[in-house]
Structure formats: C-alpha cells, structure tokens
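Everything on this sheet refers to the single structure shown next.
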Amino acid sequence: MAGDAGVRIERLAALLDEPLLVTSLVNVRWLTGLASSNAAVLVEPDGDATLFTDFRYAQKAGKLDVRFEQTARAVVADLSTRLAGRTIWIEAHVLTVAANEQLRAGGVETIPQQGLVERLRAIKDEAEIATMRGAAAISDKVFEALAEEQFTGRTERDLTWRIRELFKEHGSPELSFDAIAASAENGASPHADVLDRPIPANTLVTVDAGCRVDGYASDCTRTFATGDLPDELARAYEVCLEAQQAGLDAYGPGVGGRDADAAAREVIAAAGWAEEFGHGLGHGIGLEVHEAPTVRPESTDELCAGNVVSCEPGIYLPGLGGVRIEDMVLVTDGGRERLTTHTKDLIRVS
C-alpha cells in the first residue's frame, strides 16, 4: 500500500473536533493499509487511532502500524457497546441509517460529517503518484498493443476480453472497471453495454479501460477508426480532440472544476454539439475510479497540486456513433502533467 499510515492519520486528526468513526472501506484502507470487506477505524483528535475488524482479517490487521482490536463479525453492533457514552463523528455519506441507529441505541451520540477523508485522499502523496504512474504506463502499453488488434468483424465482447488479456500480459491482472468497447451507434452511449455484435467497418470504436496497481486505478479512453469515416464522425473526432486539449490547458492549481469544464465545453458548443456532451469533463482517480475532485459544470471544487483527475470530453451522436478521448492528469505546482501519454492521433485499425 502506497503511503504512510501514521502521516495520513495525523492529517485527518488535525481536522477533527470529535473522534471520527471511519466506516468507508476505501477510507479505512487509505488510512491504515487494511484492505477488507468488514472494518472500521476510530481516529481521535489527538492522533490516536484504533482499527476494528473481525477474526477473518485479524492477522493482517495485527501486522499494521496502527492499534488493532478484534471485534465480532458485526463490527458496528460491537462498537455500539465499546463506544457507549461517547460522542463521535460519523461518515454520514457512508454509514447506513440502520447502522447509525444501532450506534445510538447502544448509547453512542453520533454527529454526521461528510467528505473529511475524501478531501485528504484527493491530494496524492509521492508514493501514490509513483504507483499511479505505473498504472498509467501499463494502460499506455495496452492501448499501443490494442492498435495492432483486429477490430472489424470481431464482437465488442470479444475485444473487451482481449483487453483484459492485454492488461495481464503487460503487468496488471486486475481491471479497475469492466472495459468498454462500443462501436457505431452503440458508441453514442457514454457507458454503453458491450454487445455480442460484430464491429462494422468505417465507423468509430470507443475503448475505455483501466487497471489497478497496488489498489490504485488507471482510467484511459481512446477512440479508433475502422476505416474511412462518415464526415460527421470525422469532424466529431477533430472537435473532441480540440476540446480535450482545451480542457488539459485549463487544468492547474487554483482552477475551479467548473471553469476547466467550461474550457472544453465551449469548444464542443461552438461546433453545434452542446447537447451531445452531457457528462462532466473529469473526475478524481485514486483508490476509486471516481473520487474527488469533480470537474463538471456544477462543481464547487478547486484543483490543487497532487490531484490526479481525468480529462474526457465526449460527443455522442444518436444512431451514428460517438467519440471520447480521456487522459489521466496530475495537477502540479506549475500546471499539469499527462500520466497517460498514448497518441491521440486518430488510429485506423483493420
């Protein structure tokens, strides 16, 4: 696990007025290094922390650099007794209403909070950045290899299976999400269902895929041409590429997420396709594929050095096809750095 648990816990403790019970499993992992399906960590304002999990993860938890207490399988029910009489903050966006009521019934006073750990996770440390560089490098190799594959006549589902094999061949057996390969009119859906239908010639194929390295995700999209394109699809690719570059140029410390989004969106709107770009320009990437900060019209986030975010404008033309171009971007003190560097020139495949 990249990073130093002690430093992360101290950073979180500095934000607390009351102990925080962290129940998001991703946040528990980030804070302590424990990857599990059942755990919580209580962080005190003075920097003290206790990790709670059941017998199945006890040996793993006992090896970590954080105090550990074994609980019953029902962690929250167990904590409702252990923490009775105390006032704690909870992750209101994570803990269920039923679990909160369980704590309160046991005599724990709970105060809802949101996004405290996520705010810290949004700024990657050097170890996290190094890990994510590795994941991005694997993605680059996979997309390079994919450009040599047969597309036409092959089903979208078969192509996504080949993508899985390529990630394994290039160093990561774990995908960060189910790969998408969407051709022709299916590409007009941003999150298309992969079809058991042969990919036709003379169209666009959008491929969105990523992997994990030490838990951290990569996320990259390239759109390929299977021959000569209809004029509208060819123009859509050119406009999308221009919009993506405008978005990239806007990324930097101190830039509002909505402002970066607007830089790319204006290019697509000027081409007459404002309604065909219906999602945000980007999102944070880390232990989760989608995390803080957000880069979209309603975003209130501000980019800062250490953020790793996607930049992925798209144009979706119902009944014809779609194009999306996506890179992982590290926000730096001086601007930005693309972590995925595979060419964005339109690649023609057979």
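The values are calculated or read from the model by the stated rules, or taken from the named source; none is laboratory data. Treat the numbers as computed from the prediction; the structure is a model and nothing was measured. All Cβ positions, even for glycine, are placed from backbone atoms using ideal geometry, and neighbour counts span all protein chains on display. Just so you know, the surface numbers come from the protein's heavy atoms only, side chains and all, with ligands and any DNA or RNA stripped out. Shrake-Rupley method; radii C 1.70, N 1.55, O 1.52, S 1.80 Å.
At a glance:
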quantity: Which listed residue is of a type in the set (D, E, K, R) and without any contact (Cβ under 8 Å) to a residue 24 or more places away in the chain, from ASP214, ASP219, ASP196, ASP249; calculated: ASP249
quantity: Filtered residue count, segment 81-109, keeping only those that are under 22 Å from ASP17 (Cβ atoms), polar (S, T, N, Q) and in contact (Cβ under 8 Å) with a residue 24 or more places away in the chain; calculated: 1
quantity: Residue within segment 45-63 that is more than 29 Å from the chain's Cα centre (by Cα), surrounded by 13 or more Cβ atoms within 10 Å (Cβ to Cβ) and over 21 Å from GLN114 (Cβ atoms) present; calculated: yes
quantity: Failed item, numbered, when GLY306 is tested on (1) among the small types (Gly, Ala, Ser); (2) closer than 14 Å to GLN245 by Cα; (3) surrounded by fewer than 18 Cβ atoms within 10 Å (Cβ to Cβ); calculated: (2)
quantity: Residue match in segment 233-246 (condition: touching a residue at least 12 places away in the same chain (Cβ under 8 Å), open to solvent by less than 50 Å² (accessible area, probe 1.4 Å) and assigned to a loop (DSSP other than H, G, I, E, B)); calculated: no
quantity: Candidate set: segment 136-151, residues that are among the acidic types (Asp, Glu) and open to solvent by 40 Å² or more (accessible area, probe 1.4 Å); chosen: the one nearest to the chain's Cα centre (by Cα); calculated: GLU144
quantity: Count of segment 268-290 residues which are open to solvent by 60 Å² or more (accessible area, probe 1.4 Å) and over 21 Å from ALA188 (Cα atoms); calculated: 2
quantity: Residue match in segment 68-75 (condition: closer than 21 Å to ARG119 by Cβ, in contact with a strand residue (DSSP E or B) (Cβ under 6 Å, 6 or more places away or on another chain) and either open to solvent by less than 20 Å² (accessible area, probe 1.4 Å) or of a type in the set (A, V, I, L, M) (or both)); calculated: no
quantity: Strands (runs of 3 or more DSSP E) enclosed by segment 311-350 - at least 3 residues per element that are of a type outside the set (Gly, Ala, Ser) and open to solvent by 20 Å² or more (accessible area, probe 1.4 Å); calculated: 335-338
quantity: Complete set of residues in segment 200-226 that are open to solvent by less than 20 Å² (accessible area, probe 1.4 Å) and more than 28 Å from the chain's Cα centre (by Cα); calculated: THR203, THR226
quantity: Condition met for THR294 (part of a strand (DSSP E or B), at pLDDT 95 or above, over 30 Å from ARG157 (Cβ atoms) and touching a helix residue (DSSP H, G or I) at 6+ places or on another chain (Cβ under 7 Å)); calculated: yes
quantity: When residues of segment 3-26 are limited to those that are in contact (Cβ under 8 Å) with a residue 60 or more places away in the chain, in contact with a strand residue (DSSP E or B) (Cβ under 7 Å, 6 or more places away or on another chain) and not acidic (Asp, Glu), the one surrounded by the fewest Cβ atoms within 10 Å (Cβ to Cβ); calculated: LEU16
quantity: Flag for LEU103 being more than 21 Å from the chain's Cα centre (by Cα), surrounded by 15 or more Cβ atoms within 10 Å (Cβ to Cβ), within 30 Å of ALA217 (Cα to Cα) and aliphatic (A, V, I, L, M); calculated: no
